[in-house]
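The values are calculated or read from the model by the stated rules, or taken from the named source; none is laboratory data. This is a predicted model, so every value here is computed, not measured. All Cβ positions, even for glycine, are placed from backbone atoms using ideal geometry, and neighbour counts span all protein chains on display.
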Amino acid sequence: MSLLRLSAQRVAAPVFARSFSVSAARGDLVKDLYVQQLKAYKAPPPSADAKSAVRSYSAPAVPKAPVLPTDLASELSKFDATEPTLGNNAAPASAPADAESGETAADYLKFLEADIPKAEHH
């Protein structure tokens, strides 16, 4: 049994030691490229001539006033005499029937306004 105890002690007794892992510093590739581009950027020098940055202003052309007809009264009387034209010249039907159910719009409205019958419980 002593052999069994001896082997159990060797396996069961782990060695505790502090170890430090040292790895190479890994930088962020995208961040490094971004910082490199920022450092390489050179701003354009300001222009010595200030007039190149400012454009001259020119006012837009003045619009023309609308021209009224010279004989306004005759134009208005001609407009009043004309009969208005409607978009659909067909005579309206008495009540178009619904293709699916065969009932008219008036019948459908009456159905909607009717009281709902209460169900009788026995």
> Could you say which residue among A119, A99, A90, A95 is surrounded by 10 or more Cβ atoms within 10 Å (Cβ to Cβ), in a loop (DSSP other than H, G, I, E, B), modelled with pLDDT under 90 and hydrophobic (A, V, I, L, M, F, W, C)?
Replying inline: A95
>> Residue under question is Y57, and the condition is that it be surrounded by 10 or more Cβ atoms within 10 Å (Cβ to Cβ) and modelled with pLDDT of 80 or more; does it hold?
In response: no
